[in-house]
Structure formats: C-alpha cells, structure tokens
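Student: Supplied in structure tokens, the structure appears directly below.
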C-alpha cells in the first residue's frame, strides 16, 4: 500500500525542517537539531500517555553512574519490569527524546519501565553503549523488589539503535543472566555489515526519513569496520539463538531496515524462539514516536504493546 497519508504529512514536516541534516553535520549539531524538533515535546501534555509516577535518578554501574527515568503504573502491587533503550543511531537521543515511548510501554504493558540514558558515540563507541545496557539490566534485576517486584517478569525493549541494544542484551542474558521473560524490538538495527541482500536498503534509502546516508553516518560514529562483524553489534550474526527470550518485533513497510528486521525475526523463529513479527503497511522508521500524529502509527504501537504484554506475562498465543 502507499505510505500512510498522515505519515506523508509527517514526512513533509521532516523535510521542511531539514531532517536530512542528521547525516551531514557534527554529532553536536545533530543532537541540537533533535532537541529543537521533538514532536512529542511540542504536544499537548494531556495527550501523552498518563502513568502513575515518573522518577529521575542515577544508578551505580561498573564505569560509574547512569541516569535513568522510572515510569510506574497507577496501581500498586507486583508488575513486570521493562528496561528500555532509546533510539537515535547511538549518537543522539536521551531520556527526554523518548519520554513518550516510556510512557506508552508503562501504560499499555502495565509495567514499571526503566528508561536508560546510556553513553553515546562517538565519545563512547561500541561496545560501551552495550556495556551500559547490560549493566542497567543487571541493576534492574538486582533491584527488582524496588521496581516491579516480580523477578519472573523482567524484560528489555528498545527502538532502532535501542532495539539493537535490547536484542544484544537478550542474547547475552542467556549465559550471563539475568533471565528475561520477553523482548520488544521496534525496528531494530540487526546487521551492521554491508550486506547487499536486503532489498529494502535500496528501495527505501531516500525519502523515508531514515536515509541510507544518515544510517551510514550514525554507524560510522559508532563502529569500526571490524566491529560491524562482531555478533554483539550485528546480532543477526550470532551463531546460535536458541533460548533467547520471546520476542515481539515490529517494523514499517517503508523502512530501509525492514528486511534485516524480518531476517532476524526469522532466525529467532528458526531457533524455536516464540516470535510475534509485524510489518506494518504504510509506515516508516520511527513510527513509534508518531502516534499522536498518525492513527496508523497509533494502531501499530497498540499492537506491539499488547503483544509484549502478553509475552511478558507468559502468553504465547500471538
């Protein structure tokens, strides 16, 4: 189907404000541009997903401290705990840029969400952001009584670069712990190599917000050429994926990452991991942050969060 009409309006807005600049300036310029052009930040606060409470704090990790934002449901009592990693190509993004994502997961999944302000490239290149993601997940497991209170319902989630981190944490957790109940991977970057087998990398490399040039710019700041073949960076290259946590995976039809996302979901399924894969017609990269402007994006968010809620609570009937 064609690009969703409301998403077409969003694309025009992005083009009008010069979103292509992400791939041509410095990281500092990209971060400033992102801070100045956050759609959710300009929304009516009453339209944002409402949660019980939001608490900013710092946590101790091996390299020092990380900032986190903790979202709690309105009710008391045991709840799932979700450790969430924001998108932004490993170069931009923070707790504020993805505040709406944390709110949505908290409300829809009825979970405590720990959103992690991991260190960014190029100041902190691979594997430092992944080390932060692993450390934050282990912190959540060690402090589960202060969070959701249920050690059997700890999960990870992330979008784009954050989806890459969540997937890598889920793979590592098989051997190093903690045990995860589920993972939510929203248009995750799964293959950092120059694999020309992904048709979507060609078909949607320009004109759909995340361009091939921008994706390369992000990756060059995060990885060396050798790092791209490390399975911790390119999770699709992991030699074995059995016993990874059940996965809810979503990507838009017009996302240049689409084919590698689908390929990773297929690898998980082939390893007998429960997988709910959704390719959403008419949507582009970053749709999870467009729900206030696109009803199709809002519907997709609802589908993913509902599946994630089912998986994290032990369901498998998706």
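The values are calculated or read from the model by the stated rules, or taken from the named source; none is laboratory data. In this text the structure is predicted, and so the values were computed from the model without any measurement. We place every Cβ from the backbone using ideal geometry, glycine too, and count neighbours over all the protein chains shown.
Student: Please verify whether residue 55 is under 24 Å from residue 188 (Cβ atoms) and in contact with a strand residue (DSSP E or B) (Cβ under 8 Å, 6 or more places away or on another chain), treating the condition exactly as stated.
Tutor: no
Student: Going through region 1-55 one residue at a time, which ones are more than 30 Å from residue 75 (Cα to Cα), over 20 Å from the mean Cα position of the chain (by Cα) and assigned to a loop (DSSP other than H, G, I, E, B)?
Tutor: 1, 2, 3, 4, 17, 18, 24, 25, 26, listed by residue number.
Student: Please verify whether residue 132 is closer than 13 Å to residue 161 by Cβ, in contact (Cβ under 8 Å) with a residue 24 or more places away in the chain and surrounded by fewer than 24 Cβ atoms within 10 Å (Cβ to Cβ), treating the condition exactly as stated.
Tutor: yes
Student: Anything in region 149-172 that is touching a helix residue (DSSP H, G or I) at 6+ places or on another chain (Cβ under 9 Å) and over 21 Å from residue 191 (Cβ atoms)? List them, or say none.
Tutor: Result: 150, 151, 153, 154, 155.
Student: Still on this structure, please answer the following. Which of (1) closer than 14 Å to residue 187 by Cβ; (2) in a loop (DSSP other than H, G, I, E, B); (3) free of Cβ contacts under 8 Å to residues at least 40 places away in the same chain does residue 279 not meet, given it meets every other one?
Tutor: Condition (2) is where residue 279 drops out.
Student: Looking for something in contact (Cβ under 8 Å) with a residue 12 or more places away in the chain, within 21 Å of residue 177 (Cα to Cα) and outside any helix (DSSP H, G or I) - is there at least one such residue anywhere in region 301-315?
Tutor: Yes.
Student: Hey, another quick one. For the structure I just gave you, tell me whether residue 162 is in contact (Cβ under 8 Å) with a residue 40 or more places away in the chain and more than 14 Å from residue 129 (Cβ to Cβ). Can you show your working first?
Tutor: On the way: in contact (Cβ under 8 Å) with a residue 40 or more places away in the chain: yes; more than 14 Å from residue 129 (Cβ to Cβ): no.
Criteria not met by residue 162.
Student: How about region 95-110: which of its residues are surrounded by 20 or more Cβ atoms within 10 Å (Cβ to Cβ) and farther than 14 Å from residue 302 by Cα?
Tutor: 98, 99
Student: So if I check each of 238, 269, 213, 245, which one is touching a strand residue (DSSP E or B) at 6+ places or on another chain (Cβ under 7 Å), in contact (Cβ under 8 Å) with a residue 60 or more places away in the chain and more than 16 Å from residue 187 (Cα to Cα)?
Tutor: 245
Student: Separate question: Could you tell me which numbered condition residue 318 fails, if it satisfies all but one of (1) in a loop (DSSP other than H, G, I, E, B); (2) in contact with a helix residue (DSSP H, G or I) (Cβ under 7 Å, 6 or more places away or on another chain); (3) modelled with pLDDT of 95 or more?
Tutor: (3)
Student: I'd like to verify a number: residues in region 45-70 that are out of contact with any helix residue (DSSP H, G or I) (no Cβ under 8 Å at 6 or more places or on another chain) and more than 19 Å from residue 106 (Cβ to Cβ), how many?
Tutor: Within region 45-70, residues that are out of contact with any helix residue (DSSP H, G or I) (no Cβ under 8 Å at 6 or more places or on another chain) and more than 19 Å from residue 106 (Cβ to Cβ) number 3.
Student: Assess whether residue 228 counts as being closer than 27 Å to residue 182 by Cβ and modelled with pLDDT of 95 or more.
Tutor: Answer is no for this residue.
Student: Let me ask something else. Can you name the residue in region 174-215 that is in contact with a helix residue (DSSP H, G or I) (Cβ under 7 Å, 6 or more places away or on another chain) and assigned to a helix (DSSP H, G or I) and is also surrounded by the fewest Cβ atoms within 10 Å (Cβ to Cβ) among such residues?
Tutor: Restricting to residues being in contact with a helix residue (DSSP H, G or I) (Cβ under 7 Å, 6 or more places away or on another chain) and assigned to a helix (DSSP H, G or I), the top hit is 199.
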